[in-house]
2 protein chains.
Amino acid sequence: MSDSDTSVVSRLRKLIGEGAFRQGERLGEVAVAEQLGVSRTPVRLAFRTLEQEGLLQRAGKRGFRVREFTEADVLCAVEVRGALEGLAARRLAEQGMSSALTAELEFWIQKGRDLLAKGHLEEQDVEVWSELNRHFHENIVGSAGSSVIGDAIARNNHLPFAAADSIIIDSEALDREYRKLQLAQVQHELVVQALRHGEGARAEMLMREHALIGLRYAELLDVGRHSPSG
Amino acid sequence: MSDSDTSVVSRLRKLIGEGAFRQGERLGEVAVAEQLGVSRTPVRLAFRTLEQEGLLQRAGKRGFRVREFTEADVLCAVEVRGALEGLAARRLAEQGMSSALTAELEFWIQKGRDLLAKGHLEEQDVEVWSELNRHFHENIVGSAGSSVIGDAIARNNHLPFAAADSIIIDSEALDREYRKLQLAQVQHELVVQALRHGEGARAEMLMREHALIGLRYAELLDVGRHSPSG
DNA sequence: AATTGTTATTTTGGATCCAAAGTAGATATC
DNA sequence: GATATCTACTTTGGATCCAAAATAACAATT
């Protein structure tokens, strides 16, 4: 039993995310089974899961193929997350935050302040940020009064580029990443501010904008460094 | 081959939607297989699909149980659809509509006008409305530039109460349903108006409000009929 | 009497076998 | 030469068998 099935799912998820298969490539059950060293059964089960996650598509009446993603798909997936997290934030602002939740959010906010306090970013800080960022988002989404929103976000996050913690990649340019995280921190603090004051619309819009930080802010943050054309 | 697998999935989906199983009831593979008259294999495949759809949940390390839905879940699922359809509408307004799409939407709008022109609702009108309503929504969501939004909506719609065409139920009170459809028609027309003028924010909000028509408008439409307390 | 350890039963995961459906290729006929 | 039909091969769906894991029940010991 164990999680051999989950393992096949996650192994395939990883392979697809890494681009081990061509976009649109047809995946045969036997071929994948041999490649992973298991029988057809767990592969068949995994295909159904991955189909629902959106990583595979049915190829006509026979088999599955690797889902193809365009630039527009990536942007859309990020906007979807923004819309859903924004919805969660608005609901949370409208229903009011418990003091426990307020404290929890403040805790992770403070972690962020501490991280950025030293004025620059180091390698090991990346994981710390990823951790606190995840907790921040999960606390908001998880407190929206229903797991439905969180489920929708989780399904969307199966698209490898849509997840909230896929912000950090470039550990070569730590100074640029530092400024990005500074901005993200400000956005986090503003969201909490709006939530505390019950400002639903503002919380929603801030959260939605915050989702775009991984996409649209790169060139902005390079202004004054490399190309001052921005 | 055929769609025996799909059949098991949809049969189970139907059974769950009808409440054939208790909320939170554990489903064993053998029991369900016997009940449906198939072997364990298609049931195992179906469980994975239904888990991703959110109708089943993993029960610890062993088996699945029927997902429990609260009132808050229902409201949230509808709001999620509103948020996603709103996102699609805003994107569509911002990118501009093709003349073909405009014509298509106008066509279904006109169908709605025709349906409501005679001043009352009949039994067979329900299916006609369901058809045009579906086309209206699918055209907007399908033209948002990426299938990601549509996929997210489709996954959300697997929750039996969240789908857009679950508006109509009460064929006993056709006069109330008529007024509801009148309102829906106006909302459809306003959405198209906003889309044509490139009013993204307005299109988004109209679409979002439109999603709530099945939930929050019942008492409103009863005003002046049964209980004038609204 | 309570707790722990062992055993038995239940249930799921994985592998293999068979059947059915689809696709492709070849042959025959027009 | 083109098209249509038939056949062979590929691939997936369903059933069954076996193994492993988890739960439950029972017994033994403290």
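Here are a few things to note about the model shown:
- Verdict on B:G24 being surrounded by fewer than 15 Cβ atoms within 10 Å (Cβ to Cβ), within 13 Å of DNA strand C (Cβ to nearest atom) and at positive phi: no
- Checking the stated criteria, A:A93 turns out to be open to solvent by less than 10 Å² (accessible area, probe 1.4 Å), more than 9 Å from chain B (Cβ to nearest Cβ) and not in a loop (DSSP other than H, G, I, E, B).
- Checked against (1) near DNA strand D (Cβ under 9 Å from one of its atoms); (2) facing chain A (nearest Cβ under 9 Å); (3) touching a helix residue (DSSP H, G or I) at 6+ places or on another chain (Cβ under 6 Å), B:A33 passes all but condition (2).
- Filtered residue count, the stretch A:51-67, keeping only those that are basic (K, R) and open to solvent by less than 30 Å² (accessible area, probe 1.4 Å): 1
- Selection over the stretch A:29-58 of residues that are near DNA strand C (Cβ under 8 Å from one of its atoms) and farther than 21 Å from B:F47 by Cα gives a count of 1.
- Among the residues of the stretch B:59-84, those identified as within 16 Å of DNA strand C (Cβ to nearest atom) and of a type in the set (A, V, I, L, M) are B:A59, B:V66.
- Failed criterion for A:R44 (all others in (1) at the interface with another protein chain (Cβ under 10 Å from one of its Cβ atoms); (2) crowded, with 20+ Cβ neighbours inside 10 Å hold): (2)
Residue-wise test of (1) more than 11 Å from DNA strand D (Cβ to nearest atom); (2) assigned by TED's automatic domain parsing to the domain that holds B:V128; (3) not aliphatic (A, V, I, L, M).
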{"site": "B:F47", "(1), (2), (3)": "yes, no, yes"}
{"site": "B:E53", "(1), (2), (3)": "yes, no, yes"}
{"site": "B:A59", "(1), (2), (3)": "no, no, no"}
{"site": "B:A77", "(1), (2), (3)": "yes, yes, no"}
{"site": "B:A89", "(1), (2), (3)": "yes, yes, no"}
{"site": "B:E94", "(1), (2), (3)": "yes, yes, yes"}
{"site": "B:G112", "(1), (2), (3)": "yes, yes, yes"}
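- Filter pass, A:F69 being aromatic (F, W, Y), within 14 Å of chain B (Cβ to nearest Cβ) and within 11 Å of DNA strand D (Cβ to nearest atom): no
- Any chance B:G150 is within 14 Å of chain A (Cβ to nearest Cβ), open to solvent by 50 Å² or more (accessible area, probe 1.4 Å) and under 19 Å from B:A88 (Cβ atoms): no
- Test for A:N157: is it modelled with pLDDT of 95 or more and either open to solvent by less than 20 Å² (accessible area, probe 1.4 Å) or under 15 Å from the mean Cα position of the chain (by Cα) (or both): no
- The numbered conditions (1) touching a residue at least 40 places away in the same chain (Cβ under 8 Å); (2) surrounded by fewer than 15 Cβ atoms within 10 Å (Cβ to Cβ) are all true for A:L121 except (2).
- Taking the numbered list (1) within 24 Å of B:E79 (Cβ to Cβ); (2) surrounded by 14 or more Cβ atoms within 10 Å (Cβ to Cβ) in turn, A:S98 passes all entries but (2).
The values are calculated or read from the model by the stated rules, or taken from the named source; none is laboratory data. In this text, all values refer to a predicted model and were calculated from it rather than measured experimentally. Quick reminder, even Gly has a Cβ in these numbers, built from the backbone with ideal geometry, and neighbours come from all protein chains shown. Accessible surface areas use protein heavy atoms only, side chains included; no ligands, DNA or RNA. Shrake-Rupley method; radii C 1.70, N 1.55, O 1.52, S 1.80 Å.
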